[in-house]
Number of protein chains: 2
Amino acid sequence: MSRLLTTGIRRPTLAVVGATGAVGTVMLQILSQRADIWGEIRLVASPRSAGRKLTVRGQETEVSALSEEVFDGVDIAMFDVPDEVAAKWAPVAAARGVVVVDNSGAFRMEPDVPLVVPEVNPHAVRSRPRGIVANPNCTTLSMIVALGALHSAYGLRELVVSSYQAVSGAGRAGVETLRQQISLVAGTELGTSPGDVRRAVGDNTGPFPEPVALNVVPWAGSPRADGWSSEEMKVRDESRKILGLPKLPVAVTCVRVPVVTTHSLTVHARFQDTVTVGGAREILATAPGVVLFDNPEAGEYPTPADVVGTDPTWVGRVRRALDDPTALELFVCGDNLRKGAALNVAQIAELVAAERH
Amino acid sequence: MSRLLTTGIRRPTLAVVGATGAVGTVMLQILSQRADIWGEIRLVASPRSAGRKLTVRGQETEVSALSEEVFDGVDIAMFDVPDEVAAKWAPVAAARGVVVVDNSGAFRMEPDVPLVVPEVNPHAVRSRPRGIVANPNCTTLSMIVALGALHSAYGLRELVVSSYQAVSGAGRAGVETLRQQISLVAGTELGTSPGDVRRAVGDNTGPFPEPVALNVVPWAGSPRADGWSSEEMKVRDESRKILGLPKLPVAVTCVRVPVVTTHSLTVHARFQDTVTVGGAREILATAPGVVLFDNPEAGEYPTPADVVGTDPTWVGRVRRALDDPTALELFVCGDNLRKGAALNVAQIAELVAAERH
């Protein structure tokens, strides 16, 4: 970085597309917190949000409307927009020479688009024939750094995953919906007879199919074949692609819980080799991007309330399966807006920027 | 039942020990709702609660203090008291000829005490050399009726389970604690920076090691060897005993969630035989005590908000593992105070009562 600053090489211009959303807001925070390698930072959003002023690196910056011209002179663009917007606009930006780091689901499983987690498969970022690099889904990202480290040591053979997903995975509307529902159930004795929470919440379920306050909802995303949800298929398919294990058996059930931000997951991971808890702890304790927080007798295990707002993947409850010396049980937490979205996008953008010198 | 009512045989006398607790309260509701096979119903609690009047079968009944004499003339006693109270008093009652149906953890794994779920192993109730029948833990009970039905058909070979446990599993104090915490976080923007919920809640964590509002806590019970919790060991050991599969591999992670009542579980179940979703659905749709509620495209899957206050085990999200034709994924909900505790105890007591005629 210092070479970049002292040799007078032009600093790259960055565009943040979707700057006003839940993830976009965290992108701007992260750009203000990390080593500042960027020249101009251009903020872009839908025409509806154009003209708003947001603060990045301490400076008020006006939001531009998404257009072809907004990409002129841009080196790298971080996209957080709906799938259909990304599908249309990422190729437009790429055609103008921009490297697009995209957080939508539009390109992740395309064979000629790399899906990158810098701690796990940084090399993959260099091969991007379409000028697009995809960022994984937040649920995958909340566990994959820890699993990548264990896979390097033991060779992953099977995953069984259950999620405890925060409402901000559904954006600002998800957070607003939970807060409204919490206000409606506070001070009541609801949650004790069938449908009482549903009646209190009424139509106020926002982006969720069911009430989330005082409830858990075993559904995220849209229907896929054979009863699976799109979110569950993403966790399976993306984990396989990132780890380079295209046939890895992955069983997933995704469940929404009344937490604002930070996804948690239970993981049953089976490996090629026999594992030990001591060995696994050593790997996790030294893996970049991972915090091992695992001493239940002292009350130490990660929870969303502690992990929210932090960068790493937190791992606790590390146990060897009692009936299988090749399997580990883990409880993993990651801030779904930071490492689960904005931070990983920023890390990928930094990897791309570092190539230029 | 009608024979019992018409032949003039003396109806059995029932004692409810722990009548004033969270489970005891539901026991009295259930006794008022089910076919009335009982003669006298005697309510028993600690001396602190003696003299209180509670309603059962529409009649106000005074609570007696726990003593040896309170069991005179009692045929069957349903116990819901702390482990150490059960360990002391269940043998006292049994020595006076009472059949004790005990919901504590004191006797469940004793080889000469049957652990009974009437839909799964009703025959086991007849062999009770100590005069004690144990009722399983609420987390085990929330899934075991569905698993018993699938095991009968396919032969269970492995379980991987993650729980989403309600706060009433920790009794009235658990419910009160969640309600107080919900009131403290309502109308705020908490849940977005590390420790903000913890600071708002302060020391007000009740029976839980961490805040449960806007959080999930990967711990229930007390520490056991190698990082496991007592709750996780119960689910493993009790499932094996009830199903008669002493070597079944069972991996469990227990997590507390901000739900008042109704435990949910994700289950990855591997069988001896190849399974089909159609076959599994047919088994679950016709199994006694099970409701299949599984049409995600129509928004149908069980959630605690719908299941609370109902008797059956609700099963949804039935899928065959994509990478293993012998494995199923399920999402299961059961009211932890009803089938998870009071209802199953009452069903066992009814089984015992039916033997007498």
> Considering only segment A:291-304, how many residues are buried (at least 23 other Cβ atoms within 10 Å of the Cβ), in a loop (DSSP other than H, G, I, E, B) and at the interface with chain B (Cβ under 7 Å from one of its Cβ atoms)?
Replying inline: 2
> Looking at B:Ser183, B:Ser142, which one is more than 26 Å from B:Val17 (Cβ to Cβ) and either within 14 Å of another protein chain (Cβ to nearest Cβ) or open to solvent by less than 40 Å² (accessible area, probe 1.4 Å) (or both)?
Replying inline: B:Ser183
> What are the pairs, 6+ residues apart or on separate chains, where a residue within segment A:241-264 that is without any contact (Cβ under 8 Å) to a residue 40 or more places away in the chain has its Cβ under 6 Å from a residue that is surrounded by fewer than 24 Cβ atoms within 10 Å (Cβ to Cβ)?
Replying inline: A:Pro246/A:Arg240
> Looking at this structure, is A:Pro122 in contact (Cβ under 8 Å) with a residue 24 or more places away in the chain, open to solvent by less than 40 Å² (accessible area, probe 1.4 Å) and either within 25 Å of the chain's Cα centre (by Cα) or within 30 Å of B:Asp306 (Cα to Cα) (or both)?
Replying inline: no
> Which one of B:Val307, B:Val277, B:Val255 is open to solvent by 20 Å² or more (accessible area, probe 1.4 Å) and out of contact with any helix residue (DSSP H, G or I) (no Cβ under 6 Å at 6 or more places or on another chain)?
Replying inline: B:Val277
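Restricted to segment B:223-252, and to residues that are part of a loop (DSSP other than H, G, I, E, B) and open to solvent by less than 30 Å² (accessible area, probe 1.4 Å), which residue is nearest to the other protein chains (Cβ to nearest Cβ)?
Within segment B:223-252, the subset part of a loop (DSSP other than H, G, I, E, B) is B:224, B:228, B:244-249.
With the extra rule that they be open to solvent by less than 30 Å² (accessible area, probe 1.4 Å), the set shrinks to B:228, B:248.
Numbers: B:Trp228: 6, B:Leu248: 8 Å.
Among residues in segment B:223-252 that are part of a loop (DSSP other than H, G, I, E, B) and open to solvent by less than 30 Å² (accessible area, probe 1.4 Å), the one nearest to the other protein chains (Cβ to nearest Cβ) is B:Trp228.
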>> Is it the case, given these coordinates, that B:Glu282 is out of contact with any helix residue (DSSP H, G or I) (no Cβ under 7 Å at 6 or more places or on another chain), open to solvent by 50 Å² or more (accessible area, probe 1.4 Å) and at pLDDT 95 or above?
In response: yes
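Quick grid of which residues meet (1) buried (at least 24 other Cβ atoms within 10 Å of the Cβ); (2) touching a Ser or Thr at 6+ places or on another chain (Cβ under 6 Å):
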{"residue": "B:His263", "(1), (2)": "yes, yes"}
{"residue": "B:Arg320", "(1), (2)": "no, no"}
{"residue": "B:Leu343", "(1), (2)": "yes, no"}
{"residue": "B:Ile348", "(1), (2)": "yes, no"}
>> Restricting to segment A:38-67, name every residue that is without any contact (Cβ under 8 Å) to a residue 12 or more places away in the chain and among the hydroxyl-bearing types (Ser, Thr, Tyr).
In response: A:Ser67
> Does segment B:68-77 include one or more residues that are in contact (Cβ under 8 Å) with a residue 60 or more places away in the chain, under 23 Å from the mean Cα position of the chain (by Cα) and within 15 Å of B:Ala342 (Cβ to Cβ)?
Replying inline: yes
> For segment A:253-275, what are the residues that are in a loop (DSSP other than H, G, I, E, B) and either within 11 Å of chain B (Cβ to nearest Cβ) or under 19 Å from B:Val255 (Cβ atoms) (or both)?
Replying inline: A:Cys254, A:Val255, A:Val257, A:Pro258, A:Val259, A:Val260, A:Thr261, A:Thr262
>> So for segment B:214-222 (the condition being over 27 Å from A:Asn336 (Cα atoms), crowded, with 20+ Cβ neighbours inside 10 Å, in contact with a Gly (Cβ under 6 Å, 6 or more places away or on another chain) and touching a residue at least 24 places away in the same chain (Cβ under 8 Å)), does at least one residue qualify?
In response: no
>> Take the conditions crowded, with 18+ Cβ neighbours inside 10 Å and within 27 Å of B:Ser168 (Cα to Cα) and apply them to A:Val161. Does it pass?
In response: yes
> Among the listed residues B:Arg42, B:Arg48, B:Arg11, B:Arg96, which satisfies the condition of being open to solvent by less than 70 Å² (accessible area, probe 1.4 Å) and of a type in the set (Lys, Arg)?
Replying inline: B:Arg42
>> Among the listed residues A:Val167, A:Val175, identify the single one that is touching a residue at least 40 places away in the same chain (Cβ under 8 Å), facing chain B (nearest Cβ under 10 Å), within 22 Å of the chain's Cα centre (by Cα) and buried (at least 24 other Cβ atoms within 10 Å of the Cβ).
In response: A:Val167
> What about A:Ser193, is it over 24 Å from B:Ala251 (Cβ atoms), within 10 Å of chain B (Cβ to nearest Cβ), open to solvent by 10 Å² or more (accessible area, probe 1.4 Å) and part of a helix (DSSP H, G or I)?
Replying inline: no
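The values are calculated or read from the model by the stated rules, or taken from the named source; none is laboratory data. Keep in mind that this is a model prediction, so the values were computed, not measured. Please note: Cβ atoms are built from the backbone with ideal geometry, for glycine as well, and neighbour counts cover all protein chains shown. These area figures cover heavy atoms from the full protein model, side chains too; ligands, DNA and RNA do not enter into them. Shrake-Rupley method; radii C 1.70, N 1.55, O 1.52, S 1.80 Å.
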